Amino acid sequence: MRSRAIDGVTSFETATRFYRRPDGTGPTVALVGVVHIGDANYYESLVKLLDSFDVVLYESVLPRGAFGTGGNTDLERQRSTQDAMLFLRSLAERFFRAEGRAPANREELRAFVVGRDTRLARPVDLALIDGWGRSVVYQSMAPESYTFLSLGADGNAGGVGAALDLELGPLPREQSESAGDPSSSAESKANRPDEKRDLYKELADALGVTLQVRSINYDRRGWEPADLPMEELLDRLWKRGERSMTLEMLSSDSGFQQGAVRFLLSMVSNSPGFKKLVIRALGEGGRRSSDALGAVDTRIIIDERNDAVIDTLHTLLAQSSQPASVAIFYGAAHMRDFEDTLRADFGLEPDGVRWDSAMSVDEWNAKRVRERLDQFRAVRQAILENDPNGSGPEVTRIDGRISALDSRLVDAE
């Protein structure tokens, strides 16, 4: 990550770095850094890049059942299937609270979930396959009732042990709902304002930018979630008796800290000065992102989540038909640790970099831009008097600056 100020424009940029083996064999792996709020064209540029990769591993802390089923033993397959079915039930319950009825079929459930968060597209697809590689059966039996069913190891109804059928229905409905109390019905609840407020969205609104999760469609071929399950993340903190101040801050909906932040955001909304301050702070934070976190936050939020991604990468590259290219699409603060691992464990070395502007603020008016253009054109002319062919690198650099300034004038007009 970096912030730059050039010709009156202060911008915050994130890098994509490409890695290959020195002998040219094996796949290309790219670390595609991203920030969670930015301009819409920033995310469009990143998606265009990511579409050129066979596999994209993206971050998303989700329930354990969202990362697929499987295992080396029937017991492990059973347990992973149970986790997946619990995840599916949580999504079906979300549908019920919004629509006042059970989903009619798997397709309607998927469309509902993905319509609200495309990051869940692949997790839903993974959860709908049981640990033995067969489809989880879904049945809607009444307006309020449904069943998820796995037929176990043998794929036939009935059985015991590994062949035991796994069946999961809805959570018990509130008594007031079954009694037809309109004030507490699922439909009534769905129409109430959402009390949970998104601090990221409020920051994005104040800066005049957008959210990553609302700008990118994750329902794409080859995009796979690769992260630490939420239960495991919390278990690790609990077992150590440790607290993560970052997790507590982000998970709190009504704490004093978030209230103070929201008040400040309301005061500086759409202020160019505030945006410039944020850009510079982000760039400075990028140079010492790990140091800015506490020891617990660094270990859990960065190091151990990164380990989960690297485990997935090991599995991908161990396949007989390994992908030709893999992108790790994660927050830019994770990248330093990723790079060390790619070099040490996979023998990959950096081989090219590109920068994308996540957000910027332009403080010059058209008059200032024209003045700078005149300066560059005068310098260019002076160089050409000594170098008529214009072959020097300085001319190329100045031509790039002139082109960028010309584009700003066109946009302003």
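In the list GLY24, GLY38, GLY33, which residue meets the criterion of being under 23 Å from LEU342 (Cβ atoms) and crowded, with 17+ Cβ neighbours inside 10 Å? Walk me through how you get there before you give the answer.
Numbers: GLY24 fails: crowded, with 17+ Cβ neighbours inside 10 Å; GLY38 fails: under 23 Å from LEU342 (Cβ atoms).
None of the others qualify; the one that does is GLY33.
Let's see how each residue does on (1) surrounded by 15 or more Cβ atoms within 10 Å (Cβ to Cβ); (2) more than 28 Å from SER60 (Cα to Cα); (3) at pLDDT 95 or above; (4) not basic (Lys, Arg):
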{"site": "SER80", "(1), (2), (3), (4)": "yes, no, yes, yes"}
{"site": "ASP83", "(1), (2), (3), (4)": "yes, no, yes, yes"}
{"site": "GLU107", "(1), (2), (3), (4)": "no, no, yes, yes"}
{"site": "SER145", "(1), (2), (3), (4)": "no, yes, no, yes"}
{"site": "GLU167", "(1), (2), (3), (4)": "no, no, yes, yes"}
{"site": "SER183", "(1), (2), (3), (4)": "no, yes, no, yes"}
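So SER357 ticks every box in (1) loosely packed, with under 14 Cβ neighbours inside 10 Å; (2) within 22 Å of PHE53 (Cα to Cα) but one. Which box is left unticked?
(1)
Among the residues of the stretch 323-342 satisfying the criterion of being among the β-branched types (Val, Ile, Thr) and closer than 23 Å to VAL47 by Cβ, which is surrounded by the fewest Cβ atoms within 10 Å (Cβ to Cβ)?
Our first condition is that a residue be among the β-branched types (Val, Ile, Thr); within the stretch 323-342, this holds for 326, 328, 341.
Next, from what is left, pick out any that are closer than 23 Å to VAL47 by Cβ: 326, 328.
Details: VAL326: 22, ILE328: 26.
The selected residue is VAL326.
Any chance the stretch 331-348 includes a residue that's of a type in the set (S, T, N, Q) and either under 30 Å from SER52 (Cβ atoms) or under 27 Å from the mean Cα position of the chain (by Cα) (or both)?
Looking only at the stretch 331-348, we keep the residues that are of a type in the set (S, T, N, Q), and these are 341.
When the remaining residues are screened for being either under 30 Å from SER52 (Cβ atoms) or under 27 Å from the mean Cα position of the chain (by Cα) (or both), the result is 341.
Yes, the stretch 331-348 contains at least one residue that is of a type in the set (S, T, N, Q) and either under 30 Å from SER52 (Cβ atoms) or under 27 Å from the mean Cα position of the chain (by Cα) (or both).
When you look at VAL136, is it closer than 27 Å to GLN212 by Cβ and crowded, with 20+ Cβ neighbours inside 10 Å, yes or no?
Working: closer than 27 Å to GLN212 by Cβ: no; crowded, with 20+ Cβ neighbours inside 10 Å: yes.
Answer is no for this residue.
Just one of (1) farther than 30 Å from GLU304 by Cα; (2) modelled with pLDDT of 95 or more; (3) part of a loop (DSSP other than H, G, I, E, B) trips up GLY159, so point out which.
(2)
Conditions: (1) at negative phi; (2) surrounded by 15 or more Cβ atoms within 10 Å (Cβ to Cβ). ASN72 meets all but one. Number of the miss?
ASN72 satisfies every listed condition except (2).
Condition first: part of a strand (DSSP E or B) and within 18 Å of ASP74 (Cβ to Cβ). Now tell me which residues in the stretch 145-156 satisfy that.
Going residue by residue through the stretch 145-156, those that are part of a strand (DSSP E or B) are 145-150.
Listed by number, the residues that qualify are LEU149, SER150.
Quick one: which of VAL137, VAL160 is over 30 Å from the mean Cα position of the chain (by Cα), β-branched (Val, Ile, Thr) and over 15 Å from PHE87 (Cβ atoms)? Steps first, answer last, please.
Details: VAL137 fails: over 30 Å from the mean Cα position of the chain (by Cα).
Result of the check over VAL137, VAL160: VAL160.
Within the stretch 207-221, can you find the residues that are under 13 Å from SER360 (Cα atoms) and not β-branched (Val, Ile, Thr)?
Of everything in the stretch 207-221, those that are under 13 Å from SER360 (Cα atoms) and not β-branched (Val, Ile, Thr) turn out to be LEU207, GLY208.
Looking only at helices (runs of 4 or more DSSP H) that fall completely inside the stretch 38-144, which ones have 3 or more residues that are touching a helix residue (DSSP H, G or I) at 6+ places or on another chain (Cβ under 7 Å), outside the structural domain of LYS276 (by TED's automatic domain parsing) and over 30 Å from LYS275 (Cβ atoms)? Don't jump to the end; show me each part of the working.
Numbers: elements: 40-50, 74-99, 106-116, 121-127.
Here the list reads 74-99, 106-116, 121-127.
The values are calculated or read from the model by the stated rules, or taken from the named source; none is laboratory data. As the structure is a computational prediction, the values presented were derived from the model and not from experiment. Note that we place each Cβ from the backbone using ideal geometry, even for glycine, and neighbour counts take in every protein chain shown.
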